[in-house]
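Taking it in order: structure first as C-alpha cells, then the write-up.
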Amino acid sequence: MRAVLSPAGLALAGLLVLLAFTSALPLVRLVQRALDPTALGWLLENPQARRAIQHSLRVAATVSVFATLGGAVLVFLLERLALPGRRGLRLLLLVPLIVPPQILAIAWLGWAGPAGILTRWVRAAFDLAAPPWTLYGEGGIVLLLTVFALPVTYLTLGAGLTRVPKSLEEAARLDGAGLLAVGTRILAPLLRPYLLAAAMLAFLAALGNFGIPALLGIPARFLMLTTLVYQRVTSFASGGFAQAAALALVLAVPALLALWGQQRLNRRADALDSQLEAPHRYPLGRWRWPLASAVWFVVGGLMTLGPFGAMVLTSLVRAVGVAPTLDNLDFRHYAFVLTRLEAFPRALTHSLLLAGGAAALAALIALALGYVLVRLRGRGVALQLLVDLPYALPGIVFALALVLAWLPSPIPGVRLYGTVWLLGIAYVGHYLAFALQPIGAAWRQLDPALEEAARIDGAGTLQAMRFVLLPVMAPTVLVAGLLVFLNAFSEISLSALLAGSRSETLGWLVFGLEQGGDTNRAAALSVVLVVVLAVLGLVVAGVRRWARRDAPAGPDAVVPGDAVV
C-alpha cells in the first residue's frame, strides 16, 4: 500500500488514466468500428477503396525510393565534400520540416502549377500552347511528397554518417579507392540500417500525409487513403464512419510494422553509436564551384527559393495568372486576410491557445512520464507503446479514432466533439511522444547520484524533484515544449476531421481558402504563417543551443520534424 501511494505510484496511476482517454480508448474504438463486417465488406468490394489503397501504396513506395536516394546523394555532397555554401544549402533543404504540407503545396502551385512562374517561363521559352506538366494528380503528389520527406531521410542518413569510423574511409583512400568507391563500398554497407530507417520514415511520411494529396489529388480525382478517409467522414453517408475506420486500419498497419521495425533497426545501429567522430570532407579541386552551382540551382533555386518566392508573388498580384508588374502588385490580400476575414481572429486564437496548451501539457506530462519510465527500468513497454502509437499513426487516423471515442461521449454530460477541446486532446495525445524523445533521453543521461544525494539530505521525492532535478531538466523541457508548439501551430492532419465551423485553426483556414479557389488569399495567409514559423524556428534553435550547454541531454536527443516515428 505504501508503494502504491508513493509519489511515483500516484504519478503512474495518473498517467495511465490520462493515456486511457487520449490513446487506449480511441484506438480500441477505432479497431472495433474497423472490424465491423459491413465495413470490411465495403473495403474489399468497393472499387474506389481498392484504387485508394493501390494509389497510396504505389505513391508511398515511389516516394520512399526517391527520397532515400536523394537523401543519400545530398548527405554525401554536403557532409563528405568540401562544397562551398553547404551550411546555407543545409538550411534550405530543411525548410519543409517547419512548413506545413498544405503551404508547401500552395508554394509549388505558384511555382510549377498551371499558371505558375516556372511554367510560364518554360511555355514562353519553348513557345508551348499548353503547360508541359501538371502538379495535379499522381506525378505532382510524388514530387511534393518527395520534397516533403527529403529532410527526414537527410537527417537520418546524416546521423548515421557521423557514426562511421573515419579510419575505415582513410584506409580505403590509402588503398587507392576513389570517392565513388568509398561511397558505394564503404559507406553504403555501414549505413544499411540507416538507409532502411530512412526509407521506412519516407514511406510513412508519404502514406500518412493529408495536405498534399488533398490539394493536388482531389481536383484530379486521384484519391489516396487519407483523402478517402476525409471524404467518408465529411460526407456523413450511411456507414461512413465505419468505412473510414476500415480505411484507417489499412493506414495503421504499416505504421505499426514500421514502429516495430524501427526498434529493431535502432538496436542494429547501436554498434556505431559510440563512434562519433568529426566529419572528414574531401576537397573537390576545379570541380568545386561547378558542382556547388549545380546543387544550389537544384536545392536552393528549384526546390526552395523558387516555390516560396512564387508564393510571395502570388500573395501580391491582383489575381492568379496576372503578370507580376508593379501595377499589379499590392497588399490587398494581406489586408483582407488580416483585417476583414471573419475566421482569421478566431483561427489565430485557437491555434495559439491549442498549440501553447499542448506544448505546456505535453512537456509536463513527458517530464513525469520520463521519470516513471526510467524508474521502471525497462518494464514500461506497454506504457511506452500507449505513448508512441498516437504519434506513429497518421494524424488523420488518430483524429478519426478520437471522433469515434467521443461520439458519443464516454463521460455522461461531457460533449467534446465539434469543440476546440477535442482538438486540444488530439494535440496532446499526438505530440506527447514527440516531447518524450528529448525529455526521456535527458532522464536516462541524468546522474542518479543527484537524487540520491538529495534523499540522503532528507528530501522526499517531490522536494528532490522541485529543488534538484527540475532545475537541471528545465532547458530540455523548454526545448520539447517549443518543438511541440512549432509543429502544432499550423498542422492540418488532425484539424481536417476535428476542426468545425467555429473551431478553425490557421492550418485548416489555409487549406479551406485554397480548396475554395481563393488562391491569392491562401498564399497571403501562408506567407504570414511561414514568417511566424521561421521566427519560432530561430527561437527553438537558440534555446536548443542554450539547452545543450546546460542540460544533460546530448545534441542528438531531439529530432525535429512531424514525420519521424
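Observations
- Within segment 237-275, being at pLDDT 85 or above and loosely packed, with under 13 Cβ neighbours inside 10 Å holds for one residue alone: Val253.
- Tally, over segment 68-127, of residues that are aromatic (Phe, Trp, Tyr) and within 27 Å of the chain's Cα centre (by Cα): 3
- Any hit, segment 226-236, residues being at pLDDT below 85 and surrounded by fewer than 20 Cβ atoms within 10 Å (Cβ to Cβ): yes
- Verdict on Gly41 being under 24 Å from Arg221 (Cα atoms), free of Cβ contacts under 8 Å to residues at least 60 places away in the same chain, surrounded by 21 or more Cβ atoms within 10 Å (Cβ to Cβ) and not β-branched (Val, Ile, Thr): no
- Odd one out for Pro84 among (1) in contact (Cβ under 8 Å) with a residue 60 or more places away in the chain; (2) assigned to a helix (DSSP H, G or I); (3) not aromatic (Phe, Trp, Tyr): (2)
- From the options Arg375, Arg379, residue that is in a helix (DSSP H, G or I) and modelled with pLDDT under 85: Arg375
- Pairing each residue of segment 118-130 that is assigned by TED's automatic domain parsing to the domain that holds Ala310 with any residue that is surrounded by 10 or more Cβ atoms within 10 Å (Cβ to Cβ) and of a type in the set (Phe, Trp, Tyr), provided the two are 6+ apart or on different chains, yields C-beta distances under 9 Å for Leu118/Trp111; Thr119/Trp111; Thr119/Trp133; Val122/Trp133.
- Residues (of a type in the set (Lys, Arg) and either surrounded by fewer than 17 Cβ atoms within 10 Å (Cβ to Cβ) or at pLDDT below 75 (or both)) located in segment 527-561: Arg545, Arg548, Arg549
Here's the yes/no breakdown for (1) of a type in the set (A, V, I, L, M); (2) surrounded by fewer than 20 Cβ atoms within 10 Å (Cβ to Cβ); (3) under 18 Å from Ala61 (Cα atoms); (4) without any contact (Cβ under 8 Å) to a residue 24 or more places away in the chain:
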| position | (1), (2), (3), (4) |
| --- | --- |
| Leu191 | yes, no, no, no |
| Leu201 | yes, no, yes, no |
| Leu207 | yes, no, yes, no |
| Gly211 | no, no, no, no |
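- Those helices (runs of 4 or more DSSP H) of segment 436-538 in which 3 or more residues are more than 30 Å from Pro114 (Cβ to Cβ) occupy 449-456, 461-464, 470-488.
- Among the residues of segment 133-147, those that are in a helix (DSSP H, G or I), in contact with a helix residue (DSSP H, G or I) (Cβ under 9 Å, 6 or more places away or on another chain) and either not assigned by TED's automatic domain parsing to the domain that holds Leu109 or not aliphatic (A, V, I, L, M) (or both) comprise Glu138, Gly140, Thr146.
- Against the conditions (1) farther than 29 Å from Val528 by Cβ; (2) small (Gly, Ala, Ser); (3) modelled with pLDDT under 80, Ala442 satisfies every one except (3).
- Taking segment 138-154 as the range and being touching a Lys or Arg at 6+ places or on another chain (Cβ under 9 Å) and either more than 20 Å from Gly116 (Cα to Cα) or at pLDDT below 95 (or both) as the test, only Tyr154 passes.
- Among residues of segment 465-488, those that are within 11 Å of Tyr431 (Cβ to Cβ) and aromatic (Phe, Trp, Tyr), counted: 1
- Within segment 465-479, considering residues that are under 30 Å from the mean Cα position of the chain (by Cα) and not hydrophobic (A, V, I, L, M, F, W, C), the one surrounded by the fewest Cβ atoms within 10 Å (Cβ to Cβ): Pro471
- Within the set Val322, Val317, the sole residue that is in the same structural domain as Arg90 (by TED's automatic domain parsing), over 24 Å from Leu83 (Cα atoms), in contact (Cβ under 8 Å) with a residue 60 or more places away in the chain and of a type in the set (A, V, I, L, M) turns out to be Val317.
- Options Ser56, Ser23, Ser64: the member that is in contact (Cβ under 8 Å) with a residue 24 or more places away in the chain, under 30 Å from Leu187 (Cα atoms) and of a type outside the set (A, V, I, L, M): Ser64
- Phe222 meets all of the listed conditions (1) at pLDDT 90 or above; (2) touching a Pro at 6+ places or on another chain (Cβ under 9 Å); (3) part of a helix (DSSP H, G or I) but one, namely (3).
- Among (1) of a type in the set (Lys, Arg); (2) modelled with pLDDT under 75; (3) not assigned by TED's automatic domain parsing to the domain that holds Thr156, the one test that Arg286 misses: (2)
- The residues on offer are Leu416, Leu404, and the sole one that is touching a helix residue (DSSP H, G or I) at 6+ places or on another chain (Cβ under 6 Å), over 30 Å from Arg466 (Cβ atoms) and modelled with pLDDT under 90 is Leu416.
- Counting the residues of segment 104-132 that are part of a helix (DSSP H, G or I) and of a type in the set (D, E, K, R) gives 2.
- Selected residue (only one of Val312, Val337 is among the β-branched types (Val, Ile, Thr), under 26 Å from Pro96 (Cα atoms) and touching a Phe, Trp or Tyr at 6+ places or on another chain (Cβ under 8 Å)): Val337
- Output for segment 215-231, where each listed residue is of a type outside the set (S, T, N, Q) and under 24 Å from the mean Cα position of the chain (by Cα): Leu215, Leu216, Gly217, Ile218, Phe222, Leu223, Met224, Leu225, Leu228, Val229, Tyr230
- Residue in segment 81-94 that is in contact with a Lys or Arg (Cβ under 6 Å, 6 or more places away or on another chain) and surrounded by fewer than 15 Cβ atoms within 10 Å (Cβ to Cβ) present: yes
- Here Leu157 qualifies as closer than 14 Å to Ala67 by Cβ and modelled with pLDDT under 95.
- Test for Leu77: is it in contact (Cβ under 8 Å) with a residue 40 or more places away in the chain and buried (at least 19 other Cβ atoms within 10 Å of the Cβ): no
The values are calculated or read from the model by the stated rules, or taken from the named source; none is laboratory data. None of these values were measured; they are calculated from a predicted model. Virtual Cβ from ideal backbone geometry, glycine too; neighbours counted across all protein chains shown.
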